[in-house]
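Engineer: Before I ask anything, here is the structure I am working with.
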Number of protein chains: 2
Amino acid sequence: MRSEFQFIRNIKGKYGLGRIGDDCAVVPKDPRTDLVVTADLLVEDVDFRLDWTSPESIGHKALAVSLSDIAAMGATPKWALLSIGIPECIWHGNFVDKFYDGWFRLSRRHKVELIGGDVSRTPDKIVIDSIVAGEVRRGKAIMRSGAQPGDSIFVTGELGGASGGLSLLEARTKRRVVSRKQRELIDRQLRPTPRIDIGKYLSRYEVATSMIDVSDGLAADLHHLCDSSSVGARIELDKIPVDGNLSAIKKENYDFALGGGEDFELLFTSKKTIISNPKLPPISRIGEITSNVGIVELVENSSILKLPRTGFRHF
Amino acid sequence: MRSEFQFIRNIKGKYGLGRIGDDCAVVPKDPRTDLVVTADLLVEDVDFRLDWTSPESIGHKALAVSLSDIAAMGATPKWALLSIGIPECIWHGNFVDKFYDGWFRLSRRHKVELIGGDVSRTPDKIVIDSIVAGEVRRGKAIMRSGAQPGDSIFVTGELGGASGGLSLLEARTKRRVVSRKQRELIDRQLRPTPRIDIGKYLSRYEVATSMIDVSDGLAADLHHLCDSSSVGARIELDKIPVDGNLSAIKKENYDFALGGGEDFELLFTSKKTIISNPKLPPISRIGEITSNVGIVELVENSSILKLPRTGFRHF
């Protein structure tokens, strides 16, 4: 059974598609600028559930996930297309208006202009395709493929919160939520914050050698980055910035931080010492790139184990 | 009950979206070039049926409908994104490979590069979002909004074939098809030909004042063009180039030609006398633009009637 990643690798090889395989495709715009473009498909009951979230939050998240891809290139988002397929029964309600309200609230914050898209009926499920284009100085998009042995590995913010929130939703505790921490975990899952400002900051100072957003989980995305760069990595468990709110679920939270997806933080490498900017979320150094191609090692106390792509969780 | 068109008008007004409402959005690329971008959502059992068509033809059509939008701007297609949502059971078969084969066969003909997209699972239906970008000389994209009273109205090729083919498919006569004409009508529905060459020809010689592709049907699309240009139109029934293969269905075929969609011919206006180029499909003059804002008149023999948006058919 082939995975989505294997399939994409196959068609890349079969049809010679050089621009596929990063957070965004990069195409030349003008002599000083490259255009970066991304598309993200969100499907009801696969990527979101109507009984877990609001139409506004779905609109927010549809844009946020694509903005996160733009951030991962160090680019500035510019314009978007939004294709939405809606079942007849939902079309007649106020879902679509509230969905666009959520989308536009986030788009205004990042000055993203909606320039097109499509609206269609679907037989029974909502489907959203979010396309965002951004701009970056020519040749300066931060790719997954630039990491080199010896580079430090950094991650922004905290990890594991989004999947912690998902586990609360899956346990159907939403209506019983009382604690602030639980609410924040769920919010982390439903209304992610794209790290546009940090992406631009890293791009401006040209300090990152490679970058990816943490959408599939730290373990999986670090593997993606290592694959693209033909390198390996060694990270230290106790350096991983675990979401403080996870204490509301249980004590051992590294499984969320390593295996859980959708935190939409930025994972990047650099030859420099990165000093956090007080105006931006914290940046943590979690390890370094090695020449052990394709191998991600996890240092726990003084033992080293090979970290699988899935982290510690088996999805 | 609001239509898709009313909804798009609403969000255009509510959020001040100036670039929405043509076949493509136009964004500046460099001092000499504009980028035109379009997205088309195709949903299983709404836009196509697996028992009527092949995976290759779905791949072909997914790209063709977007190329037709590029053609309608007089632009040259350059790159594409393809987002596809697939149910688990279909993912395990060869649908996706054959779909991409059909897509790439057409993309190679028009030198369109696939640069990205997304692949996702869906609960039960296939969903495709086809995004294509093209280039046109700065300020020279042919919009729907440039028609002026007195301009001649032209249409490329022949009309009604695609909806004739659809009617054959709906009547489930596919397996009983014997005649060449019936096969060609069905092919017109399942494997449309985008009029890229004519679009570029009209753009190069700067002869078209406005243009739209015939995707919703001649009556509907002429109304769209008149709405955008704040003009009216008068067309002559006996000048409409009806698809010759429709004789295989019945004698009165103007309902298909006026009301049927998906022919993906180009409907455009010009102040000039357009002479067909022998290397390109024929171009017919079917009437002229009037100052009767929003009114499309149909001249039949010597009587004039007001043509509704739906043509003669009630969908």
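Engineer: Restricting to the range A:40-67, and then to whatever is more than 12 Å from the chain's Cα centre (by Cα) and hydroxyl-bearing (Ser, Thr, Tyr), can you tell me which residue is nearest to A:Arg109 (Cα to Cα)?
Structural biologist: A:Ser57
Engineer: Can you tell me which residue in the range A:84-103 is nearest to the other protein chains (Cβ to nearest Cβ), limited to those that are of a type outside the set (Asp, Glu) and open to solvent by 10 Å² or more (accessible area, probe 1.4 Å)?
Structural biologist: Ranking the qualifying residues of the range A:84-103, first place goes to A:His92.
Engineer: Let me ask something else. Return the total of residues in the range B:43-63 being assigned to a loop (DSSP other than H, G, I, E, B), within 12 Å of another protein chain (Cβ to nearest Cβ) and either open to solvent by less than 10 Å² (accessible area, probe 1.4 Å) or among the acidic types (Asp, Glu) (or both). Give the derivation first.
Structural biologist: Step one: filter the range B:43-63 for residues assigned to a loop (DSSP other than H, G, I, E, B), giving B:45-47, B:49-54.
Going one step further and asking which of them are within 12 Å of another protein chain (Cβ to nearest Cβ), we end up with B:45-47, B:49.
Subset that is either open to solvent by less than 10 Å² (accessible area, probe 1.4 Å) or among the acidic types (Asp, Glu) (or both): B:45, B:47.
Of the residues in the range B:43-63, 2 are assigned to a loop (DSSP other than H, G, I, E, B), within 12 Å of another protein chain (Cβ to nearest Cβ) and either open to solvent by less than 10 Å² (accessible area, probe 1.4 Å) or among the acidic types (Asp, Glu) (or both).
Engineer: Select from the range A:261-281 the residues that are within 17 Å of the chain's Cα centre (by Cα) and open to solvent by 20 Å² or more (accessible area, probe 1.4 Å) and write down the one among them that is modelled with the lowest pLDDT.
Structural biologist: A:Pro281
Engineer: Moving to a separate point now. Give the number of residues within the range B:292-314 that are in contact with a Ser or Thr (Cβ under 9 Å, 6 or more places away or on another chain) and open to solvent by 60 Å² or more (accessible area, probe 1.4 Å).
Structural biologist: 2
Engineer: Now a separate question. Please enumerate the residues belonging to the range A:3-27 that are charged (D, E, K, R) and facing another protein chain (nearest Cβ under 9 Å).
Structural biologist: Result: A:Glu4, A:Lys14, A:Arg19, A:Asp22.
Engineer: Here is a follow-up. I'd like to check something: does the range B:153-167 contain any residue that is farther than 21 Å from B:Leu222 by Cα and either in contact (Cβ under 8 Å) with a residue 60 or more places away in the chain or part of a strand (DSSP E or B) (or both)?
Structural biologist: Yes; the residues of the range B:153-167 include at least one that is farther than 21 Å from B:Leu222 by Cα and either in contact (Cβ under 8 Å) with a residue 60 or more places away in the chain or part of a strand (DSSP E or B) (or both).
Engineer: Taking the conditions exactly as written (crowded, with 21+ Cβ neighbours inside 10 Å, assigned to a loop (DSSP other than H, G, I, E, B) and either more than 13 Å from chain A (Cβ to nearest Cβ) or in contact (Cβ under 8 Å) with a residue 40 or more places away in the chain (or both)), does B:Ile142 satisfy them or not?
Structural biologist: Yes.
Engineer: State whether the residues of the range A:45-54 include one that is among the aliphatic types (A, V, I, L, M), in contact with a Pro (Cβ under 9 Å, 6 or more places away or on another chain) and without any contact (Cβ under 8 Å) to a residue 40 or more places away in the chain.
Structural biologist: Yes: one or more hits.
Engineer: If you don't mind, there's one more thing I want to ask. Among the residues of the range A:104-113, count how many are away from chain B (no Cβ under 11 Å), more than 14 Å from A:Ser57 (Cβ to Cβ) and open to solvent by less than 60 Å² (accessible area, probe 1.4 Å).
Structural biologist: So the answer is 2.
Engineer: May I pose another question? On the basis of being surrounded by fewer than 19 Cβ atoms within 10 Å (Cβ to Cβ) and assigned to a loop (DSSP other than H, G, I, E, B), does B:Pro192 make the cut?
Structural biologist: So B:Pro192 does not fit the description; no.
Engineer: Further, regarding this structure: Regarding B:Trp79, is this residue assigned to a strand (DSSP E or B) and either touching a residue at least 12 places away in the same chain (Cβ under 8 Å) or more than 12 Å from chain A (Cβ to nearest Cβ) (or both)?
Structural biologist: Yes, satisfied.
Engineer: Within the range B:277-299, which residues are touching a strand residue (DSSP E or B) at 6+ places or on another chain (Cβ under 8 Å) and of a type in the set (D, E, K, R)?
Structural biologist: Hits for the range B:277-299 are B:Arg285, B:Glu288, B:Glu297.
Engineer: It is to be established whether one or more residues within the range A:28-42 are surrounded by 15 or more Cβ atoms within 10 Å (Cβ to Cβ), among the acidic types (Asp, Glu), more than 9 Å from every other protein chain (Cβ to nearest Cβ) and touching a Ser or Thr at 6+ places or on another chain (Cβ under 7 Å).
Structural biologist: no
Engineer: Can you tell me how many residues within the range A:121-131 are crowded, with 20+ Cβ neighbours inside 10 Å and either more than 7 Å from chain B (Cβ to nearest Cβ) or farther than 19 Å from A:Asp69 by Cβ (or both)? So that I can check it myself, show each step before the final result.
Structural biologist: So the first thing to find is which residues in the range A:121-131 are crowded, with 20+ Cβ neighbours inside 10 Å, and the list is A:122, A:125-131.
Cutting the leftovers down to either more than 7 Å from chain B (Cβ to nearest Cβ) or farther than 19 Å from A:Asp69 by Cβ (or both) gives us A:122, A:125-126, A:128, A:130.
Looking only at that region, the number is 5.
The values are calculated or read from the model by the stated rules, or taken from the named source; none is laboratory data. From a predicted model like this one, the values you see are computed outputs, not experimental measurements. FYI the Cβ positions are ideal-geometry reconstructions off the backbone, even for glycines, and counts take in every protein chain you see. To get the accessible areas, we keep the full protein, side chains included, count just its heavy atoms, and leave off ligands, DNA and RNA. Shrake-Rupley method; radii C 1.70, N 1.55, O 1.52, S 1.80 Å.
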